[in-house]
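Below: the structure, in structure tokens.
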Amino acid sequence: MTTAFVFSGQGSQFVGMGIGLAEDYLEQANQALGFDLKKVCFEGPEEELKKTEITQPAILTISVAAFEKLRTQAAAVAGHSLGEYSALVAAGVLTFTDAVKIVHLRGKFMQEAVPVGEGAMAAVLGLAPDKLIAICQEADGVWPANFNSPGQIVISGKKTSVDAIGEKLKAAGAKKIIHLTVSAPFHCPLMQPAANKLAVELAKIQFKDATIPIVSNVTADYVSQGVKMKELLIKQVTSPVRWEESIKRMITDGVNSFVEVGPGKVLNGLIKKINANVEVKSYDEFKR
């Protein structure tokens, strides 16, 4: 088997995650961040854990701890949105301490970019990408945000625009539209203020070249240079996540086994929809 590790994104969190796995890394995160992330992960409350600036360092910490348990070399790594930072730690581009600090700030900047209640995201099921892109281009204030799998694309933008575009998408053939419970409209141009602030913080951090090939969310192509990855992380905030293309790229290059590293099994489900013939496992299944 040729294996790639894929790292969980936001939405995979749950109270109790990391118990028996990530105690040491959570202690390191507590020191780096200056607050008790471990307590929130283990005990909640859930509403606190769901805050973007808490969720992002929490998932990254659990994911990095899970990666350390694997002790196996991967042919490639990739991460869904936030998960890209975990992939960078796995590939030696970022230190864990730098990564946990920056994703905490990333979450804070994203939350500040659009006032709560003014942005929205929705999953569009069963509509071809070209049709969805065309409808979004004709609309005002709504963009494709995640190309997750065949038949599942997430849109993002102004709440009024996301609500209004629903009927057009259904008329074009969308089977279902699911409004997502999120605190901000991620991966669209409304996040430009967050991207600007993130660029300032990323400029302070050393990015090394990757020891494992990384497939970028923005390009769906391999990146190895640390300086290039830094540029792409800034673009990632306002650009769609090209997840389906990223997985297909790795499969084309010989990957036939994917291990989801982090809490939950969301990515495993998406990968099975992209290609039912590849092997998918969670990190705890893989290590056995």
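The values are calculated or read from the model by the stated rules, or taken from the named source; none is laboratory data. If you're wondering where the values come from, they're calculated on a predicted model, not measured in any experiment. Cβ atoms come from the backbone with ideal geometry, glycine included; neighbour counts cover every protein chain shown.
Exactly one of (1) surrounded by 16 or more Cβ atoms within 10 Å (Cβ to Cβ); (2) within 20 Å of Thr238 (Cα to Cα); (3) at pLDDT 95 or above; (4) out of contact with any helix residue (DSSP H, G or I) (no Cβ under 6 Å at 6 or more places or on another chain) is unmet by Asp98. Its number? Failed condition: (2). On the given criteria, is Val6 surrounded by 19 or more Cβ atoms within 10 Å (Cβ to Cβ) and more than 20 Å from the chain's Cα centre (by Cα)? Considered against the rule, which asks whether it is surrounded by 19 or more Cβ atoms within 10 Å (Cβ to Cβ) and more than 20 Å from the chain's Cα centre (by Cα), Val6 comes out as no. Tallying residues that are in contact with a helix residue (DSSP H, G or I) (Cβ under 6 Å, 6 or more places away or on another chain) and not acidic (Asp, Glu) within the stretch 231-274 yields 11. Restricting the stretch 68-89 to residues that are assigned to a helix (DSSP H, G or I) and at pLDDT below 95, the residue that is nearest to Ile251 (Cα to Cα) is Leu70.
Out of Gly119, Gly141, I need the residue that is crowded, with 19+ Cβ neighbours inside 10 Å, in contact (Cβ under 8 Å) with a residue 60 or more places away in the chain and out of contact with any Phe, Trp or Tyr (no Cβ under 6 Å at 6 or more places or on another chain). Which one? It would help to see each step written out before you state the result.
Values: Gly141 fails: in contact (Cβ under 8 Å) with a residue 60 or more places away in the chain.
One residue alone meets the criteria, Gly119.
Could you look through the stretch 196-225, keep only residues that are under 16 Å from Thr95 (Cβ atoms) and of a type in the set (Lys, Arg), and pick out the one that is surrounded by the most Cβ atoms within 10 Å (Cβ to Cβ)? Residue satisfying both the conditions and the ranking: Lys208. Of the residues contained in the stretch 236-246, one or more are found to be hydrophobic (A, V, I, L, M, F, W, C) and more than 25 Å from Lys69 (Cβ to Cβ). Residues in the stretch 66-95 that are of a type in the set (S, T, N, Q) and over 19 Å from Ile234 (Cα atoms) were compared, and the one that is surrounded by the fewest Cβ atoms within 10 Å (Cβ to Cβ) is Gln73.
Being modelled with pLDDT under 95 and either assigned by TED's automatic domain parsing to the domain that holds Ala203 or of a type outside the set (Lys, Arg) (or both): is that true of Arg106 here? The answer is no for Arg106.
Counting only helices (runs of 4 or more DSSP H) that sit completely within the stretch 220-288, those holding 1 or more residues that are of a type in the set (Asp, Glu) and closer than 15 Å to Ser149 by Cα correspond to 243-252.
In the stretch 144-156 there is at least one residue matching the filter, namely being touching a residue at least 40 places away in the same chain (Cβ under 8 Å), within 30 Å of Leu70 (Cα to Cα) and assigned to a loop (DSSP other than H, G, I, E, B).
Could you grab me the full set of residues in the stretch 218-237 that are touching a residue at least 60 places away in the same chain (Cβ under 8 Å) and farther than 20 Å from Glu201 by Cα? I'd like the intermediate steps shown before the answer.
Our first condition is that a residue be touching a residue at least 60 places away in the same chain (Cβ under 8 Å); within the stretch 218-237, this holds for 222, 226, 229, 233, 236-237.
Matches in the stretch 218-237: Tyr222 only.
Answer yes or no: is there a residue in the stretch 126-141 that is in a strand (DSSP E or B) and not assigned by TED's automatic domain parsing to the domain that holds Lys230. Taking every residue of the stretch 126-141 in turn, none turns out to be in a strand (DSSP E or B) and not assigned by TED's automatic domain parsing to the domain that holds Lys230.
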